[in-house]
Structures are given as structure tokens and as C-alpha cells.
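Enquirer: The structure's right below; bear with me while I get my questions together.
The values are calculated or read from the model by the stated rules, or taken from the named source; none is laboratory data. For clarity, every value in this text was computed on a predicted model and none was experimentally measured. Neighbour counts run over all protein chains shown; Cβ positions are idealised from the backbone, glycine included.
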Amino acid sequence: MKKAKQMKSLSSSLMALMVGCIFLTSLPAHADTFNVKDYGAVGDDKTDNTAAFSSCIQAVITAGGGKIFLPDGLYRGRIIIPAISKPLPSWMTIEIIGESAPTPVFGTIGNFPMRKHGTILQCLEKSGPAVISVSKSTDALYGDYSAVHVIIRNLDIRSYDNPAIGGVDLQWAMQCQLENVFINTDIYNVQSAMPTHGTKGLITPESNNAALTILRNVQVTGYHTGILISEHTDADNIVVASNINGLEFAFAHHASHLRRVGAYRNTNHVAITGKHGFQIDQLNTENSGPGQTDEKNVWQKTIYDVTDPDNLGTADITYWVVVGNIGAVADFKINGGRNIRTRRIGSVTL
């Protein structure tokens, strides 16, 4: 009898535990996480989800900030973060997070297909905002900036070959942080057509705002400018491949610091278009070598490692140059750059 009572008690405890587990798993992981599928988004590689994304974003804004979660799938459409203005007392954080970290398919030779699984956001429009963008504010807390700190993680963001729209435009955000983000034109970079529209893969918040940009494990391929760098930028493990300008340094009051940058098959690996102080701890490049270009991608032959014709940059750069089918070389080509000090890895001084 005693054993029967013990078994009944154990059975009741297990049942209570199972009910509790079912109840817990039915709850969202975080109260501030908003799943785009709950707002009508479909990752079927054909549905335009722009309206669904907007509904999800509005819910996040109403909640005072939070996470926009995209389960695995290929989502068509744009994510447009509207201007967040007065009477808010301060800015909020909006995170855009994919379920899976992307597989960054880029290289210097060959032709490899782009993957169709993971968390992919793609827009095929020929004009208008970037695939992900922040709108300019007309009633801002400060300047024209939207009162938002944008975080993007674990996303494969695509436009199309020779894109007429940008990848991610955060010019009017106060601050941003990107981690595990692959911005591309849905084609293996070596096979990319020459970008003719002047669009940019990533635009960071411009000068004179709250001015904090953090980039970790970000790759950009196939745009006119890979990444437009503004002030207070801290970056590591960055790749820019097959762009006209890999990195473009715009005007900035405050200096930027980049640790390891991989720059491959860009016409210019680094371009300076505004006064900017910066440091690159390791600029590791590979330029196309003999027999590695054809009529379609000859534009990817590197002209300059650094182009600064107006001597606007003040910088320290440590570099390593490789030429395909040849190997490491000491040749580092600078156009202008009177105030830029360079040092090949292994050299004694800048």
C-alpha cells in the first residue's frame, strides 16, 4: 500500500512537471521579442512582407523598444524604421535579429551559388530606401536623427546584381551595432557586375549624432561602396569584397578604429572622401592576379589600396598585400594620403 501511494505521488509530481513545462514553452522567450510571423510575414521567397514588417516595428515602438525576430526563411521586402521623434524623453533600442547566423559566401576565385537557407531578407525594388533603413526625423530630439539605437544580428541581407538600392542605411540612426551580418547582391562577388548606381552596402550613422557604431563580423560585397564609415566607429573582422570602394571614410570629428579588415578585389580598398582620423590594425588584401579576371569583372582589378587625392585622411595603417597566382608582395599603392602613415607587417616603423 505504501509503495502504491509513493507511485501515485510520483505520478502526480511528473504530471505537474509536464504541465509546467508545456506552459513555459508556450510563453515567448522574452516579453520584448516580436516575431514577424505574428504580424503576417512569410519567408517563402515570394511574399512582399514590407507591410507586415511595418506592423511589427510599430508594435516594438509602442512597447518602447524591443527585438524584431525573423525565423529562418527567405523574406522579400523592406524593413523601414520610421522616424522616432518628440515627445519621447530619450531614444530607444530596436533590434532586428535572425534565427541563424549567415554563411558569408565570398571569395577571390571561382563561382559558388548563394545559399537559400538561413535567415535571408531580400528586396528587388529598383528605387527607394535600402533593404533596411531608418527614416529622417522632422521633429527630432536632436538634429534630424531618429531617436533609435539599431542593432542587427544574424542576417543575410540581399538586393540584386548591380543594385540601384542600398543594403543597410542607418544614416539617420543615433547609434548602431551590427554582428554576424552579410550584405550582398545575391551573387558570388567574383561574378558581380560593375556597380553603376553609386549605392552603398552599409551606411553608418553620420557625424554629429550620438555617434556610436560597433561592427563585428560584417561582410559586404557587390556595391559601389561597401561600408561608409563615420565617426566613433569600432570594428573588427570586417570584409569588403568586389566593391568600387571597399571602405569609404566620410567626414568625422572623432576618430575610428578598425582591427582586422579583409579587402578583396575592390577597385579601391580604402577611399577617403572627408576629413577623418582612423587606424586600421591589419588591412589584409588580395588583389586579382594574372588570369583571374575577364571582360565582366575586370573592374575588380585593384587600382589603389588607399585613395586620398585631397589628403583628407589622418591615419595609421598596417597592411599585408597578396596578389592572386603570385602570393604576398610588398607593393602598397597610395593615391595622395599625405597624412597617412603605413607599415607592412614585419616592418620596424610606420
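Enquirer: Which numbered condition in (1) closer than 19 Å to Thr103 by Cβ; (2) in a loop (DSSP other than H, G, I, E, B) is the only one that Met194 fails?
Expert: Met194 satisfies all of (1) closer than 19 Å to Thr103 by Cβ; (2) in a loop (DSSP other than H, G, I, E, B) except (1).
Enquirer: Just a yes or no: is a residue in region 197-208 touching a helix residue (DSSP H, G or I) at 6+ places or on another chain (Cβ under 8 Å), under 24 Å from Gly98 (Cβ atoms) and modelled with pLDDT of 95 or more?
Expert: no
Enquirer: Another question about this same structure. Is it true that His224 is within 18 Å of Tyr145 (Cβ to Cβ) and touching a residue at least 12 places away in the same chain (Cβ under 8 Å)?
Expert: no
Enquirer: Could you tell me which of the residues Thr307, Thr285, Thr293, Thr302 is touching a helix residue (DSSP H, G or I) at 6+ places or on another chain (Cβ under 7 Å) and within 25 Å of Ala193 (Cα to Cα)?
Expert: Thr293
Enquirer: Next up: Just wondering, is there one or more residues in region 241-258 that are touching a helix residue (DSSP H, G or I) at 6+ places or on another chain (Cβ under 8 Å) and assigned to a strand (DSSP E or B)? Write out each step before concluding.
Expert: The first filter runs over region 241-258 and keeps only residues touching a helix residue (DSSP H, G or I) at 6+ places or on another chain (Cβ under 8 Å), leaving 241-242, 244.
Adding the requirement that they be assigned to a strand (DSSP E or B) leaves 241.
There is at least one residue in region 241-258 that is touching a helix residue (DSSP H, G or I) at 6+ places or on another chain (Cβ under 8 Å) and assigned to a strand (DSSP E or B).
Enquirer: Do the conditions hold for Asn162, that is, is it at pLDDT 95 or above, surrounded by fewer than 23 Cβ atoms within 10 Å (Cβ to Cβ), within 12 Å of the chain's Cα centre (by Cα) and not charged (D, E, K, R)?
Expert: Answer is no for this residue.
Enquirer: To continue, here is another question. Counting just the residues of region 41-86 that are more than 21 Å from the chain's Cα centre (by Cα) and in a loop (DSSP other than H, G, I, E, B), which one comes out surrounded by the most Cβ atoms within 10 Å (Cβ to Cβ)?
Expert: Ala41
Enquirer: I'm trying to understand the selection: among the residues of region 196-228, which are of a type outside the set (Ser, Thr, Tyr), surrounded by 19 or more Cβ atoms within 10 Å (Cβ to Cβ), within 18 Å of the chain's Cα centre (by Cα) and more than 18 Å from Asn284 (Cα to Cα)?
Expert: Listed by number, the residues that qualify are Lys200, Gly201, Leu202, Ile203, Pro205, Glu206, Ala211, Gly222, His224, Leu228.
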